[in-house]
Amino acid sequence: MFHKNPEIGQELLNVPMGKMIESMATSIANAQMALDSNSIEVAEMMGGLSPVKSEINGKEFINFKDSRVFFGKEKLQLSDAVELYNSNTDQAYRASIESKLQDGETEPAFDRPIVKVTGAPSDANTKFTPDNEKNAGVYYRHVTSGQSPTTTFYKYDSENSAYVRLDDTPGKEIPETIAGKKMLVPGTTERTIFLPQRLSMLELGFAPTFYQFVDTIIKVAITIKFTREGSSSHEYKRNTKSTDRSIGFSWRRGLKANNTVTTSQVNANFSQKYSYSAEGSSLLQTKLVPIPPPAALEERIQQQMEIAREEAEN
C-alpha cells in the first residue's frame with residue numbers, strides 16, 4: 001500500500017549548488033569592483049580636479065572641474081591675482097578676486113601685453129611704460145590728452161627693424177579686447193592682496209579610503225526529509241446462542257429440539273501516514289573593512305603636492 005520511495009540522492013543531485021555558489025561569488029566580485037571604482041573617483045576629487053564626461057555628436061569628451069575647497073587665505077601680488085582671475089572659470093572665485101581690485105588698476109585685456117608710450121615709439125623723446133622697446137610681442141599704445149582723447153596702436157616689425165602704426169588696414173589691424181579677461185593698466189603699482197585660498201583635500205591631509213570584502217563565507221544547505229508511518233489492527237469476536245424448542249403429541253409423547261446459532265464478527269483497521277518535505281537555505285556572510293591606500297599611491301600624492309607647491313612659488 002506504500003507508494004514508491006523518493007530518491008533522496010537524485011533529489012540532492014538536482015539542486016544547482018554550483019550555480020548558486022557561482023552567483024553569490026560573482027556578486028561579491030562585482031561589488032568589490034564598484035567599491036574600487038568609487039574610491040578612484042573620490043581620489044580624483046580629492047586631488048583637486050574631477051573629470052566631467054560629456055558626449056557631443058556621438059563623441060565622448062572629458063573636461064575637468066575644480067574640486068578644491070576654500071580654506072583660509074593666501075597672499076598674492078596684484079599681477080598674480082589678475083593672472084589667477086584670467087585662468088579661473090569659477091565665477092564665485094573670480095568675483096572674490098574682482099572685489100579686491102581697485103578702480104583704474106585693470107582694464108580689458110588684449111591678445112598681447114600693452115606698453116604705454118608718450119608719443120610715437122620711433123621718437124627719441126618717447127617714454128615707454130614699462131620699459132620695453134623694440135619688442136615684437138607687445139602692442140604700443142599712445143593716448144592723447146584733452147577733451148577728446150584718441151588712441152593709437154603700434155607694433156614693432158623685427159624684420160624691418162621699424163615701428164608700424166596700426167590703422168586697421170590689411171596686415172595692420174587694430175587689436176581687439178578679449179571678453180572676460182583683464183590686464184593691469186601699464187604703470188600700475190604692485191601691491192599685496194589677500195584672497196580666499198583654494199586647496200585640494202589631499203593638500204589638507206586627507207586621503208582616499210579603499211574598502212575590501214574579507215572573511216567571506218558562502219554556505220548552501222539542503223535538507224530533505226522523508227517520513228513514512230503505517231499501522232494496522234485486527235479484531236475477532238465470536239458469539240454463540242442456543243435456542244430450545246419443544247413439540248407435543250396427543251398420546252403424550254413429546255419431542256424436544258435444540259437449535260444453536262453461532263456468529264463471528266471480525267473488525268479490521270488499517271492506516272498509513274506518509275510525508276515528504278524538502279528544505280533549502282543559503283547564507284552569504286562577508287565583512288567590509290577599510291584598507292590603507294597603496295604605498296605607490298601615497299608616494300605619488302607626495303610628488304604631486306611638491307610639484308604643486310613649486311608651481312605656486314614660481
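The values are calculated or read from the model by the stated rules, or taken from the named source; none is laboratory data. Everything numeric in this text was worked out from a predicted model, so none of it was measured. Don't worry about glycine lacking a Cβ; one is built from the backbone with ideal geometry, like all the others, and counts go over all protein chains shown. Ligands, DNA and RNA are excluded from the accessible area calculation, which covers all protein heavy atoms including side chains. Shrake-Rupley method; radii C 1.70, N 1.55, O 1.52, S 1.80 Å.
For Ser67, the residues whose modelled amide H falls within less than 5 Å of its own, excluding neighbours fewer than 5 places apart on the same chain, are Gly48, Leu49, Ser50.
Residue by residue, the range 167-173 carries 3J(HN,Hα) couplings of 10, 6, 9, x, x, 10, 5 Hz when phi is fed to the Karplus relation 6.51 cos²θ - 1.76 cosθ + 1.60 (θ = phi - 60°); x denotes Gly or Pro. Phi angles of the range 100-107 translate, via the Karplus equation with coefficients 6.51, -1.76, 1.60 and θ = phi - 60°, into HN-Hα couplings of 8, 8, 9, 4, x, 8, 10, 8 Hz per residue; Gly and Pro are given as x.
Here's how it looks for Thr286: its modeled amide H is under 5 Å from those of Ile217, which are all 5 or more places away or on a different chain.
Do the alpha carbons of any pairs in Lys219/Lys287; Lys116/Lys155; Lys65/Lys182; Lys100/Lys182; Lys127/Lys182; Lys73/Lys182 sit beyond 18 Å of each other, and which pairs? Spell out each step's value before the answer.
On the way: Lys219/Lys287 15 Å; Lys116/Lys155 12 Å; Lys65/Lys182 22 Å; Lys100/Lys182 14 Å; Lys127/Lys182 24 Å; Lys73/Lys182 22 Å.
Flagged as over cut-off: Lys65/Lys182; Lys127/Lys182; Lys73/Lys182.
Within straight-line reach of Lys172, meaning a Cα separation under 13 Å, sit the following aspartates and glutamates at least 8 residues removed in sequence or on another chain: Asp157.
When the chain is fully extended, how far beyond the present Cα-Cα distance does Asp157 get from Gln285, taking 0.36 nm per residue of separation?
38.3 nm
Note on Ala296 and Asp36: with the Förster distance fixed at 22 Å, the Cβ-Cβ geometry gives a FRET efficiency of about 0.90.
Using R0 = 22 Å, the C-beta based FRET efficiency linking Leu84 and Ala308 works out to 0.95.
Accessible area per residue for the range 101-209 is 61 Å², calculated with a 1.4 Å probe on protein heavy atoms, without ligands, DNA or RNA.
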